[in-house]
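Data block below; observations after.
The values are calculated or read from the model by the stated rules, or taken from the named source; none is laboratory data. Because the structure is a prediction, the values reported are computed rather than measured. Cβ sites come from the backbone with ideal geometry, for glycine too, and all protein chains shown count toward neighbours.
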Amino acid sequence: MSTIEGEATLTDEPKGHHYDATSITVLEGLEAVRKRPAMYIGDISVRGLHHLIWEVVDNAVDEALAGHCDTVHVTVEQDGSISVRDNGRGIPVDIHATTKKPALEVVMTTLHAGGKFDSNSYKVSGGLHGVGVSCVNALSEWCAVEVLRDGKVYSQSYQLGVPTGPMTSRAADKKEKGSGTTVRFKPDATIFEETTFHYDTIAARLRELAFLNSGLTIHLRDERTDKSNEYFYKGGIVEFVKYLNTNKETLHAKPVFFSRDGGNVSVEVAFQYNDSYGETLLSFVNNINTIEGGTHVGGFRSALTRTLTNYAAREGLTKNVKSDITGEDVREGLTAVVSIKMQNPQFEGQTKTKLGNSEIKGAVESVVGEGLREYFEENPSVARKVVEKMIAAARAREAARKARDLARRKTILDGGSLPGKLADCAWDNPEECELYIVEGDSAGGSAKQGRDRRFQAILPIRGKILNVEKARIDKVLANEEIRSIITALGAGVKDEFDITKLRYHRIILMADADVDGAHIRTLLLTFLFRELKPLVDAGHVYIAQPPLFLVKAGKDEIYCFDEKEREEAIARIGKKNVMVQRYKGLGEMNPDQLWRTTMNPETRTLVRVNSEDAVEADRIFTILMGEQVEPRRQFIEENALAVKNLDI
């Protein structure tokens, strides 16, 4: 393990500086937030709803970054409201010079008001580029804040962002020691499409924050279900990498770790290789997940590629490799976390998903280059294992390229570019078109006859496709069914992938409602998640919901999607001669029934596949589809009781 030390730290508070009302800078008012909420929180769906929590929690974590907070409590209350409590310094409560109001009220009711604009109060901050707690207040039915400072508790309440009265204060009781802030809020149901918070979504983000801020303890509790978790990771991102590699065979026991603290930037990098064929790289700037990467990721990748290829050449390990080693070869089986803490990050776009600061590339490159050279000298056996995997990846990539070239030549000779079994649609606007990937020829036949040919395409696949979790890209591309899917979609794969060439904006998986159907659906999802993940991230992947039962009596027909609906339908019809048909396969439905229940946009139900918690999704795919049997057995035992509609 190698650590590169710098001279200054980011959490030093300048001597003689006090965090009070003079630290709060006002930029503008709150007027437009309720009129155009999506401009400030991204959208008004479930994602925007949870963004409210992140804004409040980020303030608490910023206090931790500044060295003033080590514990955060997040509670989902019985009434669906959220409570966030920290033991930081507490929002200032003295009178603000410009507005002549208490600083607490200014922070809670004025957009872009806070201590993050004053570099003396916060050296680094994720919250600086957020919309702030005032936006949370504006989009809440009600909000209440309590600040513990200097032996007093200061309070103020708000409705729809407007104070219900002036700030009040009382003496703190014996239990209320130290300092801190508690924010409670209930989202406004007239603004959000949905106001139910999802425990797993909250847990994923809080777990991430605890990994990124070693020493910070985050408690999560859901009063609705009595579920709770505590997140504390002393090892920081090293533990994060270990967590990401759970249930994977690693090439070296301990993750490699480098760090450097400088005056303006702190760089932390941890990575570990495993025997899989994919790459898992998570990057963060001031605790913000930069899912599109940026200059910090570019610096890490270029240093890793250069250092590994130089080492392999110097040791004479690439003499018999015919093709050039690329960055893609170097990253096969890599699990890495790159975390940057810096002043004045410049993000590309409102969503803060890509870092643009050019100077950061060199800083990260330097840390990784120096650290890796030193590490390889001390651990030559690890270096050799990584290089061997890199060379195997290069050979597989060359084989895959030849397979692609051969497939292209065949396509040209055949005189057409789309798979023969694809029943394409008439329209050519991808936004209006959808592709049903259907298991089995009989189901495919029903789907082809029952569809709306204008915008619905059908691709039948035969049997179970390859499990890509256990195969390199050359084997993946050699699989006929997978090649048909890639060709039909039209966007390519791996380094040739281009989402703008996607031929259908809805890719719908339609399989039988039995064990085999579930397995085929899981194989397809594994392929899409591992090899075509941008399609999942963009929200293009859906799962069809065919009915399980038809309840029929005379002319009354009710399609039911689970056993509860079946019982309700039988009770509703209330006749003696009720016939219940259990659909074991899509092929049992005639084309008209399949259209009415599963394919008609007016009446069907589709489930969109997303990867909001990509870390957890990665873990589940590894457990279900990976090499290790024991984690899979344990997962099945733990989740057996949650299974619905098990077909035995």
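For the residues Thr168, Thr225, Thr190, the requirement of being of a type outside the set (Lys, Arg), surrounded by fewer than 17 Cβ atoms within 10 Å (Cβ to Cβ), closer than 21 Å to Gln78 by Cα and out of contact with any helix residue (DSSP H, G or I) (no Cβ under 8 Å at 6 or more places or on another chain) singles out Thr190.
Inspect the range 253-268 for any residue being among the hydrophobic types (A, V, I, L, M, F, W, C), closer than 24 Å to Lys494 by Cα, out of contact with any Cys (no Cβ under 6 Å at 6 or more places or on another chain) and in the same structural domain as Ser381 (by TED's automatic domain parsing) and give the result as yes or no. No: the range 253-268 contains no residue that is among the hydrophobic types (A, V, I, L, M, F, W, C), closer than 24 Å to Lys494 by Cα, out of contact with any Cys (no Cβ under 6 Å at 6 or more places or on another chain) and in the same structural domain as Ser381 (by TED's automatic domain parsing).
Taking the range 311-322 as the range and being small (Gly, Ala, Ser) and either loosely packed, with under 14 Cβ neighbours inside 10 Å or out of contact with any helix residue (DSSP H, G or I) (no Cβ under 8 Å at 6 or more places or on another chain) (or both) as the test, the residues that pass are Ala313, Gly316. Only one of these conditions is not met by Leu49: (1) in contact with a Gly (Cβ under 9 Å, 6 or more places away or on another chain); (2) at pLDDT below 95. Which number is it? Just one mismatch for Leu49, condition (1).
Looking only at residues that are under 15 Å from Ala447 (Cβ atoms) and part of a loop (DSSP other than H, G, I, E, B) in the range 548-599, which one is farthest from the chain's Cα centre (by Cα)? Steps first, answer last, please.
Of all residues in the range 548-599, those under 15 Å from Ala447 (Cβ atoms) come to 583, 585-599.
Those still in the list that are part of a loop (DSSP other than H, G, I, E, B) too: 583, 585, 589-590.
Numbers: Tyr583: 35, Gly585: 33, Met589: 37, Asn590: 39 Å.
Per the stated criteria, the residue is Asn590.
So which residues in the range 154-172 are aliphatic (A, V, I, L, M) and in contact with a strand residue (DSSP E or B) (Cβ under 9 Å, 6 or more places away or on another chain), if there are any at all? Lay out the reasoning, then the answer.
Within the range 154-172, the subset aliphatic (A, V, I, L, M) is 160, 162, 167, 171-172.
Result: Leu160, Met167, Ala171, Ala172.
Condition check ((1) assigned by TED's automatic domain parsing to the domain that holds Lys341; (2) aromatic (Phe, Trp, Tyr); (3) part of a strand (DSSP E or B); (4) in contact (Cβ under 8 Å) with a residue 40 or more places away in the chain) across all residues:
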site	(1), (2), (3), (4)
Asp62	no, no, no, yes
Gly67	no, no, no, yes
His73	no, no, yes, yes
Gln78	no, no, no, yes
Arg85	no, no, yes, yes
Gly88	no, no, no, yes
Pro92	no, no, no, yes
Ala97	no, no, no, yes
Lys100	no, no, no, no
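In the set Leu308, Leu304, Leu281, only one residue is in a strand (DSSP E or B) and either surrounded by fewer than 17 Cβ atoms within 10 Å (Cβ to Cβ) or in the same structural domain as Tyr375 (by TED's automatic domain parsing) (or both); that residue is Leu281.
Of all the residues in the range 429-456, those that are part of a loop (DSSP other than H, G, I, E, B) and free of Cβ contacts under 8 Å to residues at least 24 places away in the same chain number 1. Do we find that Phe271 is surrounded by 16 or more Cβ atoms within 10 Å (Cβ to Cβ) and in contact with a Ser or Thr (Cβ under 7 Å, 6 or more places away or on another chain) in this structure? Yes. Apart from one condition, Arg506 fits all of (1) among the charged types (D, E, K, R); (2) in the same structural domain as Arg472 (by TED's automatic domain parsing); (3) in contact with a Phe, Trp or Tyr (Cβ under 9 Å, 6 or more places away or on another chain); (4) at pLDDT below 90; the exception is (4).
Based on what the data block shows, is Phe497 out of contact with any strand residue (DSSP E or B) (no Cβ under 8 Å at 6 or more places or on another chain), closer than 28 Å to Glu328 by Cβ and at pLDDT 90 or above?
Numbers: out of contact with any strand residue (DSSP E or B) (no Cβ under 8 Å at 6 or more places or on another chain): yes; closer than 28 Å to Glu328 by Cβ: yes; at pLDDT 90 or above: no.
Spelling it out, it is not the case that Phe497 is out of contact with any strand residue (DSSP E or B) (no Cβ under 8 Å at 6 or more places or on another chain), closer than 28 Å to Glu328 by Cβ and at pLDDT 90 or above.
Report yes if Lys464 is in a loop (DSSP other than H, G, I, E, B), assigned by TED's automatic domain parsing to the domain that holds Arg619, more than 26 Å from the chain's Cα centre (by Cα) and surrounded by fewer than 21 Cβ atoms within 10 Å (Cβ to Cβ), otherwise no. Before the answer, list the steps.
Values: in a loop (DSSP other than H, G, I, E, B): yes; assigned by TED's automatic domain parsing to the domain that holds Arg619: yes; more than 26 Å from the chain's Cα centre (by Cα): yes; surrounded by fewer than 21 Cβ atoms within 10 Å (Cβ to Cβ): yes.
So Lys464 passes the test.
Per the conditions (1) over 20 Å from Thr522 (Cβ atoms); (2) surrounded by fewer than 21 Cβ atoms within 10 Å (Cβ to Cβ), the sole criterion not satisfied by Gln456 is (2). Within the range 84-104, can you find the residues that are modelled with pLDDT of 90 or more and among the β-branched types (Val, Ile, Thr)? Within the range 84-104, Val84, Ile91, Val93, Ile95 meet the criteria. Return the residues of the range 459-512 that are without any contact (Cβ under 8 Å) to a residue 40 or more places away in the chain, among the polar types (S, T, N, Q) and more than 28 Å from Pro601 (Cβ to Cβ); say none if nothing qualifies. Once the filter is applied, which keeps residues that are without any contact (Cβ under 8 Å) to a residue 40 or more places away in the chain, among the polar types (S, T, N, Q) and more than 28 Å from Pro601 (Cβ to Cβ), the range 459-512 yields only Asn479. Scanning the range 228-265 for residues that are without any contact (Cβ under 8 Å) to a residue 24 or more places away in the chain and among the small types (Gly, Ala, Ser), we see that the one that is surrounded by the fewest Cβ atoms within 10 Å (Cβ to Cβ) is Ala253. Selection of first residues in the range 513-534 that are at pLDDT 90 or above and of second residues that are charged (D, E, K, R), restricted to Cβ pairs under 6 Å at least 6 apart or on distinct chains, gives the following pairs, ordered by first then second residue: Ile520/Glu439; Ile520/Lys464; Leu523/Lys464; Thr526/Glu469.
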